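Worksheet: the structure to be examined is printed underneath.
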Amino acid sequence: MTTEELGQIVEKYKQPTGQILGILEDIQAREGYLSREVLSVLAQRLSVPIAKLYSVATFYSFFNLQPVGANIISVCMGTACHVKGAVQILEALQDLLGLEGTGITENGKFILTTKDRCCTLTHARCFGACSMAPVISVNGKIYGYVDVKKLPKILKQYGWKPNK
């Protein structure tokens, strides 16, 4: 992101209420995530400590501090989904996507991205679709009554190819 592009985003948010949140949302919409470099330049531009920007970015689960894949897959870990197998779905997705590691970031967020940046796997507290538990979301589209056997069919819609 160029300094000029960042300046255009900042100019849209003159009112202090919600200014930082709106700016961060626009940056992530354009870049896909909030890089350390952009946050540093933004902190200088707004004359705020970079820690304030990080506190906002880490408070809201929808912000990413690292590059993400083209497709964002989120597993609901709310009570109903958890009881009905969300952990097994999360583990199966990690296996199907070939993801390794704990996925826990510095701020305690779970996020793993495939090497080809096709998919990013994360989880959420609740989607509010408890009656369809367990639930996953891919790029905002909700899939209910998910089980491990349904995952390959869902993933194929988003460019996933099984490892042979």
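The values are calculated or read from the model by the stated rules, or taken from the named source; none is laboratory data. Computed from a prediction, not measured in an experiment: that's the story for all the values here. Neighbour counts run over all protein chains shown; Cβ positions are idealised from the backbone, glycine included. Remember, those area values only see protein heavy atoms, side chains included, never the ligands or the DNA or RNA. Shrake-Rupley method; radii C 1.70, N 1.55, O 1.52, S 1.80 Å.
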Inset, instruction - May I ask you to evaluate 6.51 cos²θ - 1.76 cosθ + 1.60, the Karplus curve with θ = phi - 60°, for each residue of the stretch 21-35 and list the ³J(HN,Hα) values in order in whole Hz, giving x for glycine and proline? - result: 4, x, 5, 4, 4, 5, 4, 5, 4, 7, 9, x, 6, 9, 7
Inset, instruction - Could you count how many Lys pairs in the stretch 52-157 have their Cα atoms under 21 Å apart, skipping same-chain pairs fewer than 8 positions apart? - result: 11
Legend entry - the chain, dipole about Cα centre (Lys/Arg Cβ +1, Asp/Glu Cβ -1), debye to the nearest 20: 500
Inset, instruction - Enumerate by residue number the trypsin sites (Lys or Arg not before Pro) in the stretch 112-146 meeting two conditions: DSSP loop (anything except H, G, I, E, B), and at most 15 other Cβ atoms within 10 Å of the site's Cβ. - result: K115, R117, R125
Legend entry - All Cα pairs of the chain, percent lying beyond 28 Å: 31
Legend entry - Solvent exposure ordering (accessible area, 1.4 Å, most first) of H82, H123: H82, H123
Legend entry - Solvent-accessible heavy-atom area per residue, rounded to whole Å², over the chain at 1.4 Å: 58
Inset, instruction - Can you send over the carbon and sulfur percentage of the accessible area for the stretch 51-104, probe radius 1.4 Å, protein chains only? - result: 57
Legend entry - Added length on full extension, which subtracts the Cα-Cα distance from 0.36 nm per residue, D95 to E4: 28.6 nm
Inset, instruction - Restrict the search to the stretch 1-99; then list the trypsin sites (Lys or Arg not before Pro) that DSSP places in a loop and that have at most 14 other Cβ atoms within 10 Å of their Cβ. - result: K12, K14
Inset, instruction - Enumerate by residue number the GluC sites (Glu not before Pro) in the stretch 84-164 meeting two conditions: DSSP loop (anything except H, G, I, E, B), and at most 16 other Cβ atoms within 10 Å of the site's Cβ. - result: E100, E106
Inset, instruction - For the stretch 61-131, evaluate the Debye formula with one uniform point scatterer on each Cα (no solvent term) and list log10 I(q)/I(0) at q = 0.24, 0.25 Å⁻¹, rounded to two decimals. - result: -1.14, -1.21
Inset, instruction - Would you work out which of I50, V138, L21 lies farthest towards the positive end of the dipole of the chain? Charges go on Cβ: Lys and Arg +1, Asp and Glu -1. - result: V138
